[in-house]
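S.K.: One structure is given below, represented as structure tokens, and several questions about it will come after.
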Amino acid sequence: DWPCDPRPFLPDADWTLLTLEKDSCVADIMRAANGGYDLFFNLCDGAWDEGRVGVEVVQTLETLGLPFTGADSAFFEPSREAMKRVCRAWGIDTPAYRFASDDDGIARAAAELSFPLFVKHPSSYASHSLTRESRVATEKELIEQARRMIDKFGSTLVEEYVEGLECTSLVVENADDPADPIVYTPLQYRFPDGEAFKHYDLKWVDYDGLSSSPVEDDEVAGRIRRASADFFRGMRGA
């Protein structure tokens, strides 16, 4: 795993490291609440259906009124459907899509969308369950991948696959003006031979051949910044 440790970047601060587990995190945080800490630097990002701690840490910090970094509970794990609604409301480009929970839904996606298609987790982040085979070019491949997702998660998001650069941006709340979030320099990815998009293994397991650099085209970078800021505002990011 990539190192996730803020301490080397703030060496003058006094740190106490808390390693939390789902069954005891609330009690551990309640004990830490009396420690007189200025800030809780939260790196717990487990999804609701995972064995790792996540939103329950945020909810406990909020309930106790403790200052912390990272997303609040409302912004911690928004649904894909909520994201799509914000894109429509704010005029942000997003691929045509359908949600499917059975064979009829898969058939509608095949009939109403244009191949190639992307078959995704219905509501996730961090490329959860995305594989190289998640990009499908035929109805047979769509059925196979969609059923895999439905069997595991109850439904699936099917999107039209967009060829081109894959880019990312980091957006943070602006404490001085929440209506004007800070968007850091957008990055574009370069993939190893045989890869065309970031799936789970390429992102988290076998990433040695993956590289990134600032987006070279200023016009594209500007569009990414504007869309990212609008999306953050639309999702009420915090």
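S.K.: Straight distance only, please: which aspartates and glutamates reach the Cα of K84 with their own Cα at less than 15 Å, same-chain residues fewer than 8 apart left out?
M.R.: Cross-link targets: D93, E159, E160, D230.
S.K.: Which three extents, in whole angstrom, do the alpha-carbon atoms of the stretch 19-85 cover along their principal axes, largest first?
M.R.: Extents along the principal axes: 41, 23, 17 Å.
S.K.: Applying a 10 Å radius around every beta-carbon, put 180-192, 208-220, 108-120, 162-174 in order of their mean neighbour count, most first.
M.R.: Details: 180-192: 15.4, 208-220: 11.8, 108-120: 18.0, 162-174: 13.5.
Ranked from most to least packed, the peptides come out as 108-120, 180-192, 162-174, 208-220.
S.K.: For a distance above 25 Å, tell me the whole-number percent of Cα pairs in the stretch 28-169 that qualify.
M.R.: Numbers: 4152 of 10011 pairs.
More than 25 Å apart: 41 percent of the Cα pairs in the stretch 28-169.
S.K.: Please list, short to long, the whole-number percent of alpha-carbon pairs of the chain in consecutive 10 angstrom bins beginning at zero.
M.R.: 7, 24, 34, 25, 9, 1
S.K.: What's the Kirkwood radius of the stretch 167-234 in Å, using all Cα pairs? Intermediate values should be presented prior to the final figure.
M.R.: On the way: mean 1/r = 0.0747 Å⁻¹.
Hydrodynamic radius (Kirkwood, Cα pairs) of the stretch 167-234 is 13.4 Å.
S.K.: One-quarter of the Cα convex hull surface for the stretch 91-178, in nm²?
M.R.: Answer in nm², one decimal: 7.3.
S.K.: A follow-up question, please. Which log10 I(q)/I(0) values, to two decimals, does the stretch 110-227 give at q = 0.11, 0.16, 0.19 Å⁻¹ under the Debye formula with one point per Cα?
M.R.: Results for the stretch 110-227 at q = 0.11, 0.16, 0.19 Å⁻¹ read -0.47, -0.90, -1.11.
Each reported figure results from applying straightforward, stated rules to the coordinates on display, with no laboratory input. In this text the structure is predicted, and so the values were computed from the model without any measurement. Ideal geometry is used to build each Cβ from the backbone, glycine not excepted, and the neighbour counts take in all protein chains shown.
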